[in-house]
Amino acid sequence: MLGGYMGKVLDVNLSNGEMKAYALPERLLDLYVGNKGLGSRLLYELTPPGVDPLGSDNVLIITTAPLTGTGAPSSNRFNVTTKSPLTGAIVNSNCGGNFGVYLKKAGYDALIIRGKAARPSRLVIEEDRVEIMDAADLWGLDTHQAQEKLPAKTGKIVIGPAGENLVKYAAIVSGNRVAGRAGVGTVMGSKNLKAVTAAGNLKPQPAQEGLFKETCRKWRELSRSHPATGEQLPRFGTAAFVNICNATHTLPTRNFQSGQFEQAEAVSGETLAEKYLTGNEGCLGCPIACGRQVMLDGMKIKGPEYETVGLLGPNLAIGELEPIIEWNYLADLYGLDTISLGGVLGFVMEAGEKGLLKTDLAFGKTANITKAIEDIAYRRGFGDEMAEGTRFLAQKYGGMEFAMQSKGLELASYEPRGAVGHGLGYAVANRGGCHIAAGYCIYLEANGPITVDPLTVQGKPGLVILNQSTLEAISTLGCCIFTTYMMLPRKLLELNARSRFVSRMLRFGFQKGGNLIGRALALPAWTLPIKPPFISFPQAEAHAHCTGRRFTMGQMIELGKRALNMDRLYNVREGFSAKDDTLPARLTEELQRSEEPRSRVPLAQMLPRYYRMRGWSADGIPTEKTLRRLQIEQNNLL
Amino acid sequence: MVTVKLYASLRLNPEEKEFTSAAATVEEALEEAARRYGPAFKERLKHATVLVNGRHTAHLNRKKIRLQPGDTISLFPPLAGG
Ligand code: SF4
C-alpha cells in the first residue's frame with residue numbers, strides 16, 4: 001500500500017443500513033489521489049446520470065488525502081463531493097475542520113454516504129464500530145449546539161436548521177470551519193443525516209518518514225518566513241483583501257453595480273484586526289492560522305472571512321463590521337453558505353429597488369437582514385423563495401441580467417469587470433461562480449504583488465488554465481490553497497517591487513506568454529520532470545515522501561487537469577456545455593466605469609481560445625483525445 | 001497635493017492610515033514615506049505593491065510618474081486570502 005493511506009473506504013447506505021469497508025483500487029488512487037480529485041471520480045462512478053440531487057440515489061462523498069493527519073502543515077483538510085441541488089452540477093467543497101483527520105484515525109480514507117434515512121439520524125464511525133443512530137435529540141439544533149451534544153474527542157460534521165429545511169445553499173460545519181458551497185449541507189439534510197462523528201487511534205504512516213519530516217520542517221519554515229503567509233494572513237486574515245480589491249475596482253458593491261465601496265476601510269481586515277480581533281484560529285495543524293476570533297457583546301466568536309465581509313458588506317452597501325460579524329455568526333449557526341447568502345440578499349435589494357418584487361430589504365440598511373437570514377434558514381414567508389437561490393428568484397421575478405451567478409452558483413466576492421481573466425474563470429468553472437474553481441486569476445491581475453494588465457484579454461485563457469490546474473492539484477493533494485501564496489518566493493517579490501526590469505519581464509512573461517504557458521501545460525507530464533527554478537513546491541515534495549512515489553511538477557499539473565476534466569465530464573453527462581459557461585449580462589455588456597471602455601468582461605473573445613487550449617470542443621466538451629491523454633477512462637475503476 | 005494611503009503591515013502607526021504629500025513623482029512620495037516611518041517601514045517597502053489610482057506601477061519608472069493633484073498612492077504588502 002502507498003504511504004499515507006489507511007487503505008479503506010467506508011460505504012454506508014442509510015436507506016437499508018448496509019455498510020461495507022473495502023480497499024480502493026490502486027489505479028484509482030494513482031490517478032485521482034485524494035480529496036477533490038478522488039471525490040470527483042467517485043461521484044462520476046457512483047451516481048446515475050440525471051440523478052435527483054435531493055433524492056436517495058445521490059451520494060455524499062467525503063474524501064481525505066495521503067497528507068491528511070500526517071503532520072504536514074496546512075493539509076488537514078477534507079473534501080465533500082456531491083451533485084449540487086443549487087446548480088445541478090458537481091460540487092466539491094473543501095473544509096479545514098477536524099473531521100478528515102479523525103476519519104483517518106478511525107481507519108478510513110473516504111466515506112461514501114448513500115440512500116436516505118427514514119428518520120433523523122447520525123452516523124458514528126469508530127475503528128471497530130460503525131453505527132447509524134437516532135438523532136431526534138439533535139434535529140432542530142444549530143450547528144454549535146449539535147456539536148456540543150456530540151461526544152468530545154471526535155471529528156464531527158453537522159448540518160444546521162438550513163440543511164434540515166433543505167435551503168439550497170446549506171453548508172456542512174466541522175468545528176468552526178465550513179464546507180459551504182452549492183448545497184452540500186442540503187444533500188446531507190435530504191438524507192436525514194444530522195451529524196457524523198469519527199474517532200480512533202490509528203495513524204497514517206508516511207513511506208519515507210525521515211525525508212517527509214524534513215520536508216515538512218522546511219515547509220513550515222517557508223510558510224512562516226514568507227511575507228504573505230507568515231505575516232499578512234495571520235495578522236489581518238483573508239479580509240486584508242477588502243482594501244486592495246477596493247483600490248483595484250474589484251470589490252463587489254451594491255450587487256456588483258460597481259467595484260468600489262466608499263466605506264471599504266470600515267469593513268477591512270485592518271479594522272477587524274484593530275477593533276475586534278482577540279486571537280487567531282487555525283485549521284488543525286496549520287502554522288498560518290488565518291481564521292479570526294473576535295469579541296462581540298462579550299462573547300468570543302469566529303470572525304468573518306473576506307468572502308463574507310465582501311458579500312454581506314459592500315455588496316449590500318453595509319459599512320459596519322459589527323452587523324457583518326453577527327450575520328456571519330448566525331449563518332454558521334444555521335449552516336448557511338455566506339457567499340450565496342450575500343448574493344441572494346444583494347439581488348433581492350436591487351430587484352426591490354427596481355420594483356420587480358416587494359421587500360423590506362434595502363442597500364445600506366441593516367434593518368431586517370437578521371430576520372431575512374432566519375427566514376431563509378427556516379423557509380418562512382419570502383425566506384422560502386430566497387432559500388432557492390438567486391437564479392430561481394430571477395426566473396420568477398425577472399432581473400436575470402443582474403442575477404450575479406454562473407451555473408446557478410452565486411459569484412464569490414470579486415467584481416470581474418476589474419479583472420477580466422477572473423471573469424473568464426467564473427464562467428468556465430465547473431462548480432459555477434466559485435473563485436477557486438475559477439482559478440483565482442485575479443491574484444495575477446489585481447490583488448497580488450505580480451500583476452498583468454487586468455483589463456486585457458491577452459494571455460488570460462492560458463493564465464486561467466495555469467491557475468486552475470495548480471489549485472485543482474493542490475486541493476487534490478489535500479493542502480490548503482492558501483499554501484500556493486508561498487510558492488512565489490520572497491526574493492522574487494522583492495525583485496519585482498524594486499526592479500522595473502524584473503517586474504516588466506514578469507508582466508511581459510505572464511501576459512504575452514500566458515497563452516504559451518497554457519499550451520505548454522497541455523504537454524504530457526514527462527515533459528516537466530523537475531520543478532522550474534524559483535518556485536517552491538513543498539506540497540508536491542511532501543506528497544512524494546508520504547506516498548513513497550516520485551511526484552514531479554508535470555505529474556502535479558496533470559493531476560490538476562485530470563481532476564478538472566473529471567468535473568467537466570460529470571457536468572457534460574448532466575447536460576452542461578458551452579451554453580452554461582456564462583456570466584450575467586451586467587458583467588459582459590455594461591461598463592463598470594463609463595470612463596474606462598475596457599471595464600467589462602469580453603467573455604466571447606476569450607472562451608474559444610480557452611476551450612482549444614483545454615483540448616475541448618467548441619462546445620466546451622473534452623475531446624476523446626484529451627480524455628485519453630489524461631487517462632480518464634469511461635469504465636468504472638471502483 | 002496627493003494622498004498616500006498605507007495598508008496592512010505597512011500601517012506601522014494604526015492612528016495614521018494616510019498622509020498628504022506635495023511629492024511630484026511616485027518615487028518622491030515613496031522616499032517621503034520612508035523618511036516618515038523609519039527603517040522598519042523601509043524594510044517592508046522592499047516588497048510593497050505600489051498603486052497609483054488603483055493601477056500597479058512596479059513595471060513603470062516611478063521617477064517619471066508625475067502626480068496630479070488629487071491622485072492617490074496606495075501601498076500594500078504582498079497579501080494573501082480569498
Ligand atoms: S491557511 Fe487558513 S484556511 Fe488554510 S489551513 Fe491554514 S488556517 Fe485553514
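The values are calculated or read from the model by the stated rules, or taken from the named source; none is laboratory data. The model shown is predicted, which means the values in this text are computed figures rather than measured ones. Positions of Cβ are generated from backbone atoms using ideal geometry, with glycine treated the same way; all protein chains shown enter the neighbour counts. The area values use the complete protein model at the heavy-atom level, side chains included, leaving out ligands, DNA and RNA. Shrake-Rupley method; radii C 1.70, N 1.55, O 1.52, S 1.80 Å.
Numbers for the structure displayed
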| read-out | value |
| --- | --- |
| Entries of A:105/A:213; A:396/A:561; A:194/A:371; A:8/A:194 with Cα pairs more than 26 Å apart | A:396/A:561 |
| Surface/4 estimate of mean projected area, convex hull on alpha-carbon atoms of the protein assembly as shown, nm² | 27.8 |
| With every protein chain in place, segment A:569-638: carbon and sulfur % of accessible area (1.4 Å) | 49 |
| Listing of segment A:211-251 residues, each with accessible area lower by at least 50 Å² in the full protein assembly than in the chain alone (probe 1.4 Å) | A:232, A:244, A:247 |
| Per residue value of the accessible surface for chain A (all protein chains in place, 1.4 Å probe), Å² | 33 |
| Carbon + sulfur, % of accessible area of segment A:9-199 - ligands and nucleic acids excluded, 1.4 Å | 45 |
| 222 nm mean residue ellipticity, helices alone, for chain A (DSSP H n ≥ 4; -39,500 (n - 2.57); rounded to 500) | -11000 deg cm²/dmol |
| Environment charge of residue A:58, counting only residues whose C-beta is closer than 10 Å and scoring Lys/Arg +1, Asp/Glu -1 | +2 |
| Segment B:2-76: antiparallel DSSP beta bridges as a percent of all, rounded to 5 | 75 |
| Protein accessible area in segment A:314-408, 1.4 Å probe - carbon and sulfur % | 47 |
| Share of alpha-carbon pairs per 10 Å distance bin for segment B:2-76, given as whole % | 20, 61, 19, 0 |
| Proximal aspartates and glutamates relative to residue A:300, as straight alpha-carbon distance under 12 Å, when same-chain residues fewer than 8 apart are discounted | A:281, A:326 |
| Protein accessible surface hidden between A and B, which excludes ligands and nucleic acids, total in Å², probe 1.4 Å | 2900 |
| Lys pairs, chain B - Cα-Cα below 18 angstrom, 8 or more residues apart or on other chains | 6 |
| Candidates per GluC sites (Glu not before Pro) in segment A:1-64, loop by DSSP, up to 12 other Cβ within 10 Å | A:18 |
| Aspartates and glutamates with Cα under 14 Å of residue A:460, excluding same-chain neighbours fewer than 8 positions away | A:445 |
| Antiparallel DSSP beta bridges within chain A, percent to nearest 5 | 80 |
| Kyte-Doolittle mean at least 0.5 and Cα axial length at least 18 Å: DSSP H helices in chain A | A:338-353 |
| Entries in A:20/A:168; A:104/A:218; A:36/A:358 that, when Cα-Cα distance is taken, lie over 32 Å | A:36/A:358 |
| Amide H contacts under 5 Å for residue A:528, placed H, 5+ residues apart | A:554 |
